[in-house]
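Below is one structure, written out as structure tokens, with a few remarks after it.
What follows is calculated from the coordinates using simple rules that are stated; it is not laboratory data. Since we're looking at a predicted model, the values are computed, not measured. Note: ideal-geometry Cβ built from the backbone for every residue, glycine included; neighbour counts use all protein chains shown.
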């Protein structure tokens, strides 16, 4: 809350008593006047009702309804009268003039009463009519008329009055009171302001001076010094002079600092430009080096895989296995970096659906039991009949990363993987427990960073690369699932992720497709390979031919088109993305499909990890394999493409 300044405080001190007293007096006299108006209104309405009752006596006595109606219409012309009615002694309405406003149904206590409708501002007055006690004498009669019974009730008069005039007068009085009070306050404000000018003017001058200094507006300080005449008789003369001197010194210091900052900024700008140029050169170098490095590693992996398919003696077989392990280590590093880049580029496709956990856990058991057995650890994966709603492929990758980490950092005991319902059955908690070395509290957040490992200063590749947990966190964030971790140094670690529970699906949805892909399903399949790197093309052809495929090779778009013209009818297209003839893999696949007049299954290979390339392949509906490509991954993809092609052909053959 902003604190008011001294001028406002003085004005408030002068005005508040005036406001308080004037308000109290105005309210007191206004309410007193309201009471007088109310009493006057009530007295007038009662008087009018009594007069009307007296005037109606003859009409009721004689049954002259015309006279009663004339009286009622005359009363209706009075101010505030809305309805007039005359009833006989039996309650029968003889005359009713005007709008009763619905008050005729209001029951009144006794003969003389009043009803009020506060919502509409209406009053209903009831006045009885009695026989008068006047003695009538007839000069032509020898005897006087008998006395009249003055207690005999002749009838009743009811009148409805509106308080609108009373309310209007009140409203006008309130407006006048507010106007007079406002004028009084305005007069008090002007008077207080006039009297306070001489008191607070020096203080306000100092306040403005300090504000200019605070904002660094020294030009305004010098302008105020030349404009304001400070006299020695001023009680704040010394303070103002010292403030002007301080402003001069601050201005000098500021100018000096600005000059130094300008020089430093210029130097930093030059250094920044140098760093940006160096960073751009480094990025270009790393991009080129990454692409050029992936090409020979890609070819090496395929040559090693083809070499492993051949028969060797034991010594050569050992050498080939070691060579394959080295290639696999390089591929693991590049795959980890690729996964992170794909997650950052949001190029990972999420396909959420309901699936059973049991097949996924069985596959995990099959993939990890050999690793656990080699380390002498117990791997327990509890079977589960639960169903969840998520992406089965990504959930499996997360589980595989967590379980692999658990086995890697556990030397004795074992690893437990289990699923159980939670949150009243709405969620499924999928947990990975281990009895390993555990994670100290100070490292529990850092382990999710890239390349961070707690106890691997020597960068032993057998202990991983420090990318697994980072990939796990990014993947679960992409899926929208929560990850919890509980760990203690020397007490093992427990990871748990929460997945939405799904109802079990019908049994037929769990059945595998009718066509099961076997190892020989690729035999006889024609593949068109478009690759401009001769070494990579030779390695890929050797690998595909070793799987039994018939391979047509081309180094670019033109050669691929000539192959189609000479009769090559590929069942699948494998193309590199970056080609030397000015085309890229997307253009090649599009053109070949146009010439073949069919959506031939195809995939891309590339050593580039650019996010734009991932998005382009995603929009084109093509699978992008980053080099170095694992042969098993390529073989699995080709099988899937061939099976999908065969299924489409069977659908086309159906009548």
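The calculated FRET efficiency for the pair residue 252 and residue 280, based on their C-beta separation and a Förster distance of 41 Å, comes to about 0.45. Please label the shape of segment 61-101 as rounded, prolate or oblate, based on the square roots a ≥ b ≥ c of the eigenvalues of the alpha-carbon gyration tensor (a/c under 1.5 means rounded; beyond that, a/b larger than b/c means prolate, else oblate). Note, shape of segment 61-101 comes out oblate.
On full extension, the segment bounded by residue 385 and residue 24 gains 121.9 nm, given 0.36 nm per residue less the C-alpha separation. Among beta bridges identified by DSSP and lying wholly in segment 539-646, the antiparallel ones come to about 10 percent. Note on residue 366 and residue 593: the extension gain reaches 77.8 nm, defined as 0.36 nm multiplied by sequence separation minus the Cα-Cα distance.
Each of the peptides 537-546, 250-259, 617-626, 570-579 was scored by the mean count of other Cβ atoms within 10 Å over its residues; in descending order, highest first, they stand as 570-579, 537-546, 617-626, 250-259.
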